[in-house]
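The values are calculated or read from the model by the stated rules, or taken from the named source; none is laboratory data. From a predicted model like this one, the values you see are computed outputs, not experimental measurements. Neighbour counts are summed over all protein chains in view; Cβ atoms, including those assigned to glycine, are modelled from backbone coordinates with ideal geometry.
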Amino acid sequence: MKKNNIVLVGGGSTWTPGILKAMTTHLDQFGLNQVVLYDVDQKRQEVIGEFAKILFKEEAPEVEVVYTTDKEVAYKEVDFVFCQMRTGGFDMREKDEKIPLQHGVIGQETCGPGGFSYGLRSIRDMEEMVRDVRLLSPDAWILNYTNPAAIVALALDKIFPKEDKILNICDQPVNLLRSYSKLIDHDVNKLEPVYFGLNHFGWFTHIYDETGRDRAPELKEIILNGGFRPVDAEQRDQSWLETYAMVEDMLKDFPDYLPNTYLQYYLYPEYKVKKLDPNWTRTDEVREGREKKVFEECRRIVDNGTARDSKVVHNDAHGDMMVEVAASIANNERKTFIVMVRNDGIIANLPDDSMVEVAATLGANGPQPYAVGQIGTFYKGLIENQHAFEKLTVEAYMEGSYTKALQALTLNRTVVDAKKARVVLDALIEANKDYWPELN
């Protein structure tokens, strides 16, 4: 089995320990020669980097571990790029969430004006990353998890239309499948999902087990009668427990399919905005929760010189997914994953240029998506509206267009009012003056 060189962009992330642990766990499936952690934040990178060296010394000493802030070191002769950058860090995420809330609009990291703001920041750095990688590693696979993934995926498709080795993925469908499997006490690896939509904006239509039986009706019944909690509920912050609980509400109103949790913001924007605190958002919760715990634990491990008693990895769904996706490509395994791809007729009655999220087999030649066919009017209308928002956001970035930015926010279901959209847009322009292109 080939041993791969990997670079993890955003190496100072709190999600990095989970990915690193998944790498050591899956060495028999995905061989490694070198793992490089790359981040522009040297202080964060050093803490996670030193943890990584200890972890691999104990669990995979044959693998070389490097951490760096030099992209020429990071991107040289790599086989896979795992990308999870956060342009602007938590300081800008806080503004993404709190500025809209100050004007009575949903403030959320990837949805609504927050996702719009984050997207305009992410596109620039993602474009630069792809160009840098292609100079130093022309044949590398780029596996992107950078949020807001829907906007980033659409932008990369527009900027690099001939690229066939960029794959945009999200772990929320995987998290949902794991939670479903717990509800029906079934091995998640034996469940076959049928899914359609956009990233953070989709539905499971069927979930088949190994006998061919569709377990979706059973899951709906369980959730409607007993609610819904994530598989790792004991490790989740309160906001995530509330997010999963909303699936029951969505099923009561729209019982056709099992919804992605993020749809709550688009289906119930007025209700959700009343439940959000403009002074204490998810950013504050993460800073006081996962952020603090992960870095304290990594520092403890570094001080003690061992990771054998570590509890730093709380949720391995993200890490496992990243490694399993890479392995499926590297080994041409053609396993099924839910990924983002250019529509091109997959969902017959949606625009071809939309980046849809669907089930696909994944091998050495990339994703081979399963056809969805036509979807119902309600879902088509929701998705076309969201796609228009995403497309206008990307065009606003590429053209420096204030008008298209305003159109995008006005269309978004979390805003819908042009006067609110303008006030929020102007506030976000001021907050992002060091990151966004000038909008005229």
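Quick notes on this structure:
- Out of ASP39, ASP96, ASP70, one residue alone is surrounded by fewer than 17 Cβ atoms within 10 Å (Cβ to Cβ) and modelled with pLDDT of 95 or more. It is ASP70.
- Residue match in the range 399-408 (condition: touching an Asp or Glu at 6+ places or on another chain (Cβ under 6 Å), surrounded by 16 or more Cβ atoms within 10 Å (Cβ to Cβ), at pLDDT 95 or above and within 19 Å of VAL152 (Cα to Cα)): yes
- So THR410, is it among the polar types (S, T, N, Q) and either in contact with a Pro (Cβ under 7 Å, 6 or more places away or on another chain) or not in a helix (DSSP H, G or I) (or both): no
- If you go through the range 93-121 and keep only what is in a helix (DSSP H, G or I) and of a type in the set (A, V, I, L, M, F, W, C), you end up with ILE99, LEU101, PHE116, LEU120.
- Taking the listed residues LYS182, LYS190, the one that is among the basic types (Lys, Arg) and under 27 Å from GLY363 (Cα atoms) is LYS190, with no other qualifying.
- Those residues of the range 122-138 which are touching a residue at least 40 places away in the same chain (Cβ under 8 Å) and either part of a strand (DSSP E or B) or surrounded by fewer than 22 Cβ atoms within 10 Å (Cβ to Cβ) (or both), in sequence order: ARG124, ASP125, ASP132, LEU135, LEU136, SER137
- Single unsatisfied condition, PRO161 versus (1) touching a residue at least 24 places away in the same chain (Cβ under 8 Å); (2) under 30 Å from GLN368 (Cβ atoms): (1)
- Filtering THR146, THR211 for residues that are among the hydroxyl-bearing types (Ser, Thr, Tyr), farther than 21 Å from PRO255 by Cα and over 18 Å from the mean Cα position of the chain (by Cα) leaves a single hit, THR211.
- Subset of the range 157-189 that is under 19 Å from LEU350 (Cβ atoms) and under 20 Å from the mean Cα position of the chain (by Cα) - its residue that is surrounded by the most Cβ atoms within 10 Å (Cβ to Cβ): CYS170
- Pair list, Cβ < 6 Å and 6+ apart or interchain, from the range 416-440 residues that are farther than 14 Å from LEU120 by Cβ to residues that are of a type in the set (S, T, N, Q): ALA418/THR410; ALA421/THR410
- Test: residue in the range 49-62 that is of a type outside the set (A, V, I, L, M), buried (at least 16 other Cβ atoms within 10 Å of the Cβ), in contact with a Ser or Thr (Cβ under 6 Å, 6 or more places away or on another chain) and under 30 Å from THR393 (Cα atoms): no
- If you go through the range 414-440 and pick out every residue that is in contact with a Gly (Cβ under 8 Å, 6 or more places away or on another chain), surrounded by fewer than 19 Cβ atoms within 10 Å (Cβ to Cβ) and within 25 Å of GLN264 (Cβ to Cβ), you end up with 1.
- Of the residues making up the range 241-262, those that are crowded, with 21+ Cβ neighbours inside 10 Å and among the hydrophobic types (A, V, I, L, M, F, W, C) are MET246, VAL247, MET250, LEU258.
- Looking across the range 267-286 at every residue that is exposed (fewer than 15 other Cβ atoms within 10 Å of the Cβ) and of a type outside the set (Lys, Arg), the one that is nearest to GLY104 (Cα to Cα) is identified as GLU270.
- Tally, over the range 190-210, of residues that are surrounded by fewer than 24 Cβ atoms within 10 Å (Cβ to Cβ), aliphatic (A, V, I, L, M) and in a strand (DSSP E or B): 1
- Qualifying residue in the range 256-275 (condition: modelled with pLDDT under 95, within 24 Å of the chain's Cα centre (by Cα) and farther than 28 Å from THR16 by Cα): yes
- Any hit, the range 294-304, residues being more than 27 Å from VAL9 (Cβ to Cβ), surrounded by 17 or more Cβ atoms within 10 Å (Cβ to Cβ) and of a type in the set (Phe, Trp, Tyr): no
- Scanning the range 77-93 for residues that are among the charged types (D, E, K, R) and more than 30 Å from GLY31 (Cα to Cα) yields ASP91, ARG93.
- One residue from PHE196, PHE201 being under 22 Å from GLU248 (Cβ atoms) and in contact with a helix residue (DSSP H, G or I) (Cβ under 7 Å, 6 or more places away or on another chain): PHE201
- Some residue of the range 380-393 being in contact with a Ser or Thr (Cβ under 7 Å, 6 or more places away or on another chain), at pLDDT 95 or above and either in a helix (DSSP H, G or I) or surrounded by fewer than 23 Cβ atoms within 10 Å (Cβ to Cβ) (or both): yes
- Residue in the range 307-318 that is under 19 Å from the mean Cα position of the chain (by Cα), within 22 Å of VAL174 (Cβ to Cβ) and modelled with pLDDT of 95 or more present: no
- The single residue among THR361, THR336, THR393, THR377 that is of a type in the set (Val, Ile, Thr) and without any contact (Cβ under 8 Å) to a residue 24 or more places away in the chain turns out to be THR377.
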